[in-house]
1. Take the Cα pairs of the chain, get the Kirkwood Rh, then feed it into Stokes-Einstein at 4 °C and 1.567 mPa s and tell me D in µm²/s.
2. Quickly work out the Leu8-to-Met92 label distance, labels modelled 7 Å from Cα along the C-beta direction, and quote it in nm with one decimal.
3. For Leu99 and Phe146, compute 0.36 nm times the residue count separating them, minus their Cα-Cα distance, and round to one decimal in nm.
4. Note down the magnitude of the dipole of the chain about its Cα centre, charges +1 on Lys and Arg C-beta and -1 on Asp and Glu C-beta and zero elsewhere, to the nearest 20 debye.
5. So for Met92, Met136, fewest C-beta neighbours within 10 Å to most, what's the order?
6. With unit charges on the beta carbon (Lys/Arg positive, Asp/Glu negative), name the residue among Gly65, Gly78, Ala21 whose Cα is farthest towards the positive pole of the charge dipole of the range 8-88.
7. Return His40, His4, His77, His87 ranked ascending by Cβ neighbour count within 10 Å, so the fewest neighbours appear first.
8. Placing +1 at every Lys and Arg Cβ and -1 at every Asp and Glu Cβ, with all other atoms neutral, what dipole size does the range 78-127 have around its Cα centre, in debye to the nearest 20?
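Please treat every number below as a calculation from the coordinates, not as lab data. The shown structure was predicted, so the numbers you read here are calculated from the model rather than taken from an experiment. Glycine also receives a Cβ, built like all others from the backbone with ideal geometry; neighbour counts cover every protein chain displayed.
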Amino acid sequence: MDQHRSALARLSERFSAPVLAQVLERRVTGLAIGAAVVLHLGLMRLELPAWPCPVRSSLGIPCPGCGLSRAVSSLLHGDWQAAWARHAFAPMVLGALGLIIGMALLPEPLRRRGIAAVASFERRTGLTTLLLVALMVYWLIRLLVFRSAFINSTIG
Ligand SMILES: [Zn+2]
């Protein structure tokens, strides 16, 4: 019984482990993500070729994140409908990117407090892990049920 309980406790611990807080821990990672996002969205805005999805290029199927760049771009232009049609997770991704980039720019004491708050929130709610699981389910549904619409929405 004790073994069973500790296995459950371990699973629960793993499920609510801080994922986003680990990304926030490294300022350099946050700044690199920020630079990559600005560069990628800038290239898209100038209608220059941004880097292609490696999964789509190699396997021929869209990855769980395909459509996110354009969805986030639509969101930034206030076009919620287009953003929703391209990728339902765009608001969450935009929020996470804002948090990652914003935290990387904060002075160290404030950044420390922010990371601790995010880690505590993640441990209490398991929200990041839940959203990552939901993203995989969303991808599978799009891929298996709405395949051609999904593939067409991520072309061009
Ligand atoms: Zn992709």
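1. In µm²/s, the coefficient rounds to 74.
2. Between Met92 and Leu8, the simple spin-label model gives 2.6 nm.
3. Details: separation 47, 0.36 × 47 = 16.92 nm, distance 3.14 nm.
Contour length minus Cα-Cα distance gives 13.8 nm.
4. Values: 16 positive and 7 negative charges, 34 e Å.
It works out to roughly 160 debye.
5. On the way: Met92 15, Met136 11.
The most exposed by this proxy come first: Met136, Met92.
6. Ala21
7. His4, His77, His40, His87
8. Values: 6 positive and 3 negative charges, 45 e Å.
Using Cβ point charges on Lys, Arg, Asp and Glu, the range 78-127 gives about 220 debye.
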